[in-house]
1. How would you order 8-20, 65-77 from highest to lowest mean count of nearby Cβ atoms within 10 Å?
2. When only Cα pairs under 8 Å and 6 or more residues apart are kept, what is the percent relative contact order across segment 180-322?
3. Tell me the relative contact order for segment 1-62 as a rounded percent, counting alpha carbon contacts under 8 Å between residues six or more apart.
4. With volume of the Cα convex hull per residue in Å³ as the read-out, I listed (i) 288; (ii) 172; (iii) 126; which label goes with the value calculated from this structure?
5. Of all DSSP beta bridges in the chain, what percent run antiparallel (nearest 5)?
6. Any idea how far the Cα center of segment 206-282 sits from the one of segment 47-90, in Å?
7. Mind checking which aspartates and glutamates have their C-alpha under 14 Å from residue 38, skipping anything on the same chain fewer than 8 residues away?
8. Tell me which lysines have Cα within less than 23 Å of residue 295's Cα, excluding those fewer than 8 residues away on the same chain?
Amino acid sequence: MKIAVLGDGGWGTALAVLLKTKGFDVSLWGAFRDNIDKIKKDRENAKFLPGIKVPTGIQFTCDVYTACRDADLIILAIPSRFLRQVLVNNKDSLKESRASFVSVVKGLEEKSLKRMSEVLFEILGEVDLAVLSGPSIAPEVARRVPTAVVVSSKDDVLAGKVRDVFRTERFRVYTNRDIIGVEIGGSLKNIIAIAAGISDGLGFGANTKAAILTRGLLEMTRLGVAMGASKETFIGLSGLGDLITTCTSSEGRNRGFGEKIGKGANPEDVLRKSAMEIEGAWTSKAALRLGKRHKLELPITQQVYSVLFEKKSPFLAVNELMTREPKVE
């Protein structure tokens, strides 16, 4: 089986390493030649996945057609802000491949408010698609730390195929047919992780973080159910599981970003200087609009957005959350 991984960030690289270690024919595509050439030369993605040796035999390219030629499976590991443009620019090559697709992108499109699977279907038509998500910090997966994720597809056969492609003795894969819930959980947890990071940066403790995770999970669930997801999905790996990992791991980029903000950094400066995408920042914009569309209050999301894009003080944001009108849990 030939597998193409589109996206040379930490997650795409970690999955390329995992799949090559299993013996698959793997190609890794990146948009910037300097980084692709450096990975090829050093056998390490020092920019996005430092300290992890990249196995020999992975084919590196900046050409999507070359990466996807004769591929059986195409993994989309492109940041959500850039997925549409990559798909549009390479529409013919991707359609010609006749491969099945696996999206590992965790985000929402800011303008259209679409999930990543919806963007893919809009541009490429009704291709075979599965979504893989869950608590999976890339460096840990690359270091073979035991990890469990979930793969979702309308096609049970494809879900089973993808499960078997990815699973190892250290990477366990479950299946779930709720694509909406899996994508919404994987996207919105990044917003809550920023809130958790801000809390850490402000010096708050376990009580505060527990409240953020608990109420944040409720926000995720309410919006997901309003969009057609199953409530049960949000207490699974792509909901609660991913939320715990992203909000507590020292290697979680969204939590780390929030911590810098809590310590006084300017959000715009941090976003501009970050080599890695901070998905939760951009997702907060789309999530707020989706909340308004479905007539839902998303208080944590609202405060994260206000801190990041309206220059609100993190302390003021916390105070407003704590002094909201009393409610029944």
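1. Numbers: 8-20: 24.7, 65-77: 21.0.
Top to bottom by mean Cβ count within 10 Å: 8-20, 65-77.
2. Numbers: 209 pairs, mean separation 48.2, N = 143.
This gives 34 percent for segment 180-322.
3. Details: 108 pairs, mean separation 22.5, N = 62.
36 percent.
4. Computed from the coordinates, volume of the Cα convex hull per residue in Å³ corresponds to (iii).
5. Working: 7 of 32 bridges.
Taking every DSSP beta bridge within the chain, about 20 percent pair in antiparallel fashion.
6. Using only Cα atoms to place each centre, the spacing works out to 25 Å.
7. Hits, sequence-local ones excluded: 8.
8. Correct list for residue 295: 111, 114, 189, 231, 285, 327.
Every number here is computed from the coordinates shown, using simple stated rules; none is lab data. The model shown is predicted, which means the values in this text are computed figures rather than measured ones. Neighbour counts are summed over all protein chains in view; Cβ atoms, including those assigned to glycine, are modelled from backbone coordinates with ideal geometry.
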